[in-house]
Amino acid sequence: MCRRNPLLVHSSASVAESPLSAQPPTAMAQQEGQDFTGGAVQPTFCELPDNTAEITVGFYNVGIHASEVQGKMWKTKERQLQADILKAFDTHALDILCLSELGELGDGIRAELPEGDVTAWIAELLKGSGAPPVDVYSDSHYSTIVKTTRVRVDQYRLVAGFVPSQKDRSFQHVRVRVDGDQEPVSIINCHAPASKKRGLNVDGRTRYFTAFKTACDTDRFIWGGDFNTGLIQFTALIQGIDPRYREAQREASSVAQPGNLQFVFSHPLRFKQGDMAVTYGFCSVQVNSEVGRFCGGVSDAHDLVIAKVFATEDARRPPVHSSGSAVPSRQPLCPMPVHPAPMPKQSARASNCAAEPAQAETRVTKEIVL
């Protein structure tokens, strides 16, 4: 991961309002000596240690339907998507962009594209655009775009079959390593539709999260996409599948630790259900999105979610009990402007069934150098 020192960010310990309202100032503002002392409540700042490493992952439900491909407005949709991808990588300095809802669950838009392949289509879309060199991983209605300048993909797979009654439900699992950090990071890109046509109850949601946990094993992780699950229910369910997450909540303090579950949102005030990501094993920063529906992007309902995370040498991997199970680190680290996951007032019913992720056949990944 690239090293950025000094990087000054908010510490949530000094913010009287909701921690979600605390936003980190830009490095440029700090360099220019901008005065941040004008408010009633003054944020404090702390400097990240020298061994801090960073990765930034974006999740974007673009909401493109197969019926739109080659329709009257298709060229406009393509231009909007191209602009959103370029803006996401440029404005938010993404290392990875995870796209979802490129067509219907299980079908995608591959059959409707002239190229007959989503990876080839995205390559053509970005050709000559000034985009950074990337690898593209496409399956079902997903496409994950990985900037190759700092990130190496160790493992990629499409996981499906974990909901027996709806075997086409799936998610992408990408295991990566980033320059400056020897430990792997597991990234989950998931769109979990919930509608009359495709019902998603508590048991189905629990099976998703259990499958995520199984795929990630003991890795630090970043999960995002569109879970179609509210924050309180999400927290209750995820705490029911692994004792590490419950321990993290009991130990949570005003400044959350890397062992905590931490949520980030497209925007703390206007995010829609689903426009969030959850991290574990990192310090996370809330970054307000400038890509998506609110900014005139291609999606008809969603904004990009940015998960910007930091890890120091001492927090790269949670310590391990003699039993072999990982537990959260207790070493205090800063910064932490993002609140830990809230403790639900009532725990949701969790299923005891174990989900068995099935690896689906994946298409060839192409490297795009532009």
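When the range 77-114 is filtered for residues that are acidic (Asp, Glu) and either farther than 22 Å from Lys147 by Cβ or within 23 Å of the chain's Cα centre (by Cα) (or both), the ones remaining, listed by number, are Asp84, Asp90, Asp95, Glu101, Glu104, Asp107, Glu112. Can you spot a residue in the range 137-150 that is over 19 Å from Asn61 (Cβ atoms) and hydrophobic (A, V, I, L, M, F, W, C)? No, that holds for no residue. Only one entry in Ser138, Ser165, Ser143, Ser186 is among the hydroxyl-bearing types (Ser, Thr, Tyr) and in contact (Cβ under 8 Å) with a residue 60 or more places away in the chain, namely Ser138.
Filtering the range 86-118 to residues that are buried (at least 22 other Cβ atoms within 10 Å of the Cβ) and of a type in the set (Ser, Thr, Tyr) leaves only Ser100. Residues in the range 215-240 that are polar (S, T, N, Q), surrounded by fewer than 23 Cβ atoms within 10 Å (Cβ to Cβ) and in a helix (DSSP H, G or I): Gln233 only. The numbered conditions (1) modelled with pLDDT of 95 or more; (2) within 21 Å of Ile187 (Cβ to Cβ); (3) not in a loop (DSSP other than H, G, I, E, B) are all true for Leu94 except (3). Taken over the range 256-307, the criterion of being aromatic (Phe, Trp, Tyr), part of a loop (DSSP other than H, G, I, E, B) and within 30 Å of Met73 (Cβ to Cβ) is satisfied by Phe271 alone.
The values are calculated or read from the model by the stated rules, or taken from the named source; none is laboratory data. Values in this document were obtained by computation on a predicted structure and should not be read as measured data. Please note: Cβ atoms are built from the backbone with ideal geometry, for glycine as well, and neighbour counts cover all protein chains shown.
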